[in-house]
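Undergrad: Have a look at this one.
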Amino acid sequence: MSVPPGTAYIDGDFVLMAEAKISVLDWGFLHSDATYDVVHVWKGRFFRLDAHIERFIASAARIHLSLPVSRAELVRILAECVVRSGHDDAYVEMILTRGVSPTFSRDPRDAVNQLICFAIPFGWILRPEERDKGLSVAISEIQRIPPESVDPRVKNYHWLDFVMGLYDAYGRGAGSVILQDASGNLTEGPGFNIFVVQAGTIATPHRGVLEGITRRSAIEIAEELGFRVERRPVPAEAARNADEIFATSTAGGIMPISLVDGIPVGSGGMGPVTRRLIDAYWEKHGHPGWSVAADALLSRRFPISD
Ligand SMILES: *Cc1c(COP(=O)(O)O)cnc(C)c1O
């Protein structure tokens, strides 16, 4: 099997990415019964690691999973994956699956929860050289799984709505997709949140979405720059009339959306608000309040107590 180069932590050991394998009986695989988080490392520094760890721990608690290691051990494991991988710019994922029930019982409480972490090369939804061009998205009729069914604040692998949405978008000549809720409001895309800029005001959907850490960063940076940011329902129509639209994700940061259903957004290219936010976002990556060196975390003694 050909996989990206990197290091994984699985069954308590560090292994090459190609050797990181789970049982086909893991509920994570059989039932998408898992939660996960993705943090990135840029120039050797984790970006907002604490926020990602907090969301991961909160997600696990919401779906009755328990982390087999302490928070401090988790940090140490993630740092070790990064340092062993040798990647300066890395995509770092932590996964907690329900695991395997030794008797194959139908009771999820019998399964032994399993932690898997890995570091592979940084992956972009939109590469920096394509930023000026922006993303082309379709707004699909396929509805996002409602928050009453699966809590989207728990980062999860229930992706068939997104994947079917992607095929819908490809069929319409777009490169990615945004799904709507039952009332025709925008939710999010496969792994990214959405912001709409109109008349200098920035709005982002307030519910039915994962509360992205990049979304939070974009809100904080926009407010620092003096913009007003509203968390509220954003009708699909608003996207069609917006001056600017951008997407946010750990896999690529803040990314302009330049085409919606084949129609240019605003004047077509990257808008001035999006550009300012992108510059400030990458500038924060060297800031000690927002980032920490992976090798500095590794040099802490292990195990350390919380
Ligand atoms: C991960 C993810 C996002 C983006 O969250 P970040 O923390 O910014 O990476 C948005 N929507 C969904 C469904 C996601 O899985």
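Undergrad: Would a scan of the range 93-109 turn up a residue that is within 30 Å of Val265 (Cβ to Cβ) and out of contact with any Lys or Arg (no Cβ under 9 Å at 6 or more places or on another chain)?
TA: no
Undergrad: Would you check if Leu67 is more than 15 Å from the ligand (Cβ to nearest atom), under 13 Å from Cys117 (Cα atoms) and not in a helix (DSSP H, G or I)?
TA: yes
Undergrad: Any residue at all in the range 247-258 that is over 24 Å from Lys155 (Cβ atoms) and surrounded by fewer than 22 Cβ atoms within 10 Å (Cβ to Cβ)?
TA: no
Undergrad: In the range 154-163, is there at least one residue being without any contact (Cβ under 8 Å) to a residue 24 or more places away in the chain and not hydrophobic (A, V, I, L, M, F, W, C)? Walk me through how you get there before you give the answer.
TA: Within the range 154-163, the first condition is being without any contact (Cβ under 8 Å) to a residue 24 or more places away in the chain, and the residues that meet it are 160-161.
From the residues that got through so far, the ones that are not hydrophobic (A, V, I, L, M, F, W, C) too are 161.
Checked the range 154-163: at least one residue is without any contact (Cβ under 8 Å) to a residue 24 or more places away in the chain and not hydrophobic (A, V, I, L, M, F, W, C).
Undergrad: Out of all the residues in the range 231-265, which are more than 12 Å from the ligand (Cβ to nearest atom) and on the phi > 0 side of the Ramachandran plot?
TA: Scanning the range 231-265 gives Asp261, Gly262.
Undergrad: If a residue counts only when it is in contact (Cβ under 8 Å) with a residue 40 or more places away in the chain, under 24 Å from Val75 (Cβ atoms) and in contact with a Leu (Cβ under 6 Å, 6 or more places away or on another chain), which strands (runs of 3 or more DSSP E) contained entirely in the range 228-306 have at least 3 such residues?
TA: Those strands (runs of 3 or more DSSP E) do not exist here; none qualify.
Undergrad: Go through Arg76, Arg144, Arg55, Arg84 for me and flag whichever is assigned by TED's automatic domain parsing to the domain that holds Trp282, out of contact with any His (no Cβ under 9 Å at 6 or more places or on another chain) and surrounded by 15 or more Cβ atoms within 10 Å (Cβ to Cβ). Working first, answer last.
TA: Details: Arg76 fails: assigned by TED's automatic domain parsing to the domain that holds Trp282; Arg55 fails: assigned by TED's automatic domain parsing to the domain that holds Trp282; Arg84 fails: assigned by TED's automatic domain parsing to the domain that holds Trp282.
So the residue among Arg76, Arg144, Arg55, Arg84 that is assigned by TED's automatic domain parsing to the domain that holds Trp282, out of contact with any His (no Cβ under 9 Å at 6 or more places or on another chain) and surrounded by 15 or more Cβ atoms within 10 Å (Cβ to Cβ) is Arg144.
Quick grid of which residues meet (1) aliphatic (A, V, I, L, M); (2) surrounded by 15 or more Cβ atoms within 10 Å (Cβ to Cβ):
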site	(1), (2)
Pro233	no, yes
Ala242	yes, yes
Ile263	yes, no
Pro272	no, no
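Undergrad: Of these, Ser66, Ser70, which one is hydroxyl-bearing (Ser, Thr, Tyr) and over 16 Å from Tyr9 (Cα atoms)?
TA: Ser66
Undergrad: Could you check the range 175-208 and list, in sequence order, the residues that are surrounded by fewer than 22 Cβ atoms within 10 Å (Cβ to Cβ) and within 12 Å of the ligand (Cβ to nearest atom)?
TA: Pro190, Gly191, listed by residue number.
Undergrad: Among the residues in the range 163-174, are any at pLDDT 95 or above, of a type in the set (Lys, Arg) and more than 12 Å from the ligand (Cβ to nearest atom)?
TA: Scanning the range 163-174 turns up at least one residue that is at pLDDT 95 or above, of a type in the set (Lys, Arg) and more than 12 Å from the ligand (Cβ to nearest atom).
The values are calculated or read from the model by the stated rules, or taken from the named source; none is laboratory data. A quick note: this is a predicted structure, and the numbers were derived from the prediction, not measured. Glycine also receives a Cβ, built like all others from the backbone with ideal geometry; neighbour counts cover every protein chain displayed.
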